[in-house]
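Participant: I'd like to ask you about the structure that follows.
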């Protein structure tokens with residue numbers, strides 16, 4: 001039986017601020033200013049340490065209320081590990 005290898009990859013992502021701002025303006029054009037500023041967002045990180053490091057910067061900016069929410073590791077059965 002051949003060995004199945006699993007490899008995690010980190011992607012290089014570029015953020016197009018202009019496109020994001022244009023999309024946000026288009027989606028929120030019919031909302032009042034109050035509704036627009038009360039929208040919720042999500043900042044995801046690849047690990048808990050990164051999330052903890054982002055928090056002080058978000059607190060300094062003080063544009064929105066923020067909190068860190070974590071989930072436990074995925075404990076589902078991983079059949080590929082049985083063959084390694």
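The values are calculated or read from the model by the stated rules, or taken from the named source; none is laboratory data. Computed from a prediction, not measured in an experiment: that's the story for all the values here. Because the Cβ atoms are built from the backbone with ideal geometry, glycine has one as well, and the counts that use them run over all protein chains shown.
Participant: Inside the range 68-84, can you point out the residues that are assigned to a loop (DSSP other than H, G, I, E, B) and modelled with pLDDT under 85?
Facilitator: Correct list: 69, 70, 71, 72, 73, 74, 75, 76, 77, 78, 84.
Participant: Let me ask another. Could you check, for the range 51-65, whether at least one of its residues is outside any helix (DSSP H, G or I) and at pLDDT 80 or above?
Facilitator: So far as the range 51-65 goes, no, none of its residues is outside any helix (DSSP H, G or I) and at pLDDT 80 or above.
Participant: I'm trying to understand the selection: among the residues of the range 16-45, which are at pLDDT 80 or above, under 24 Å from residue 59 (Cβ atoms) and outside any helix (DSSP H, G or I)?
Facilitator: Residue satisfying the conditions is 45 alone.
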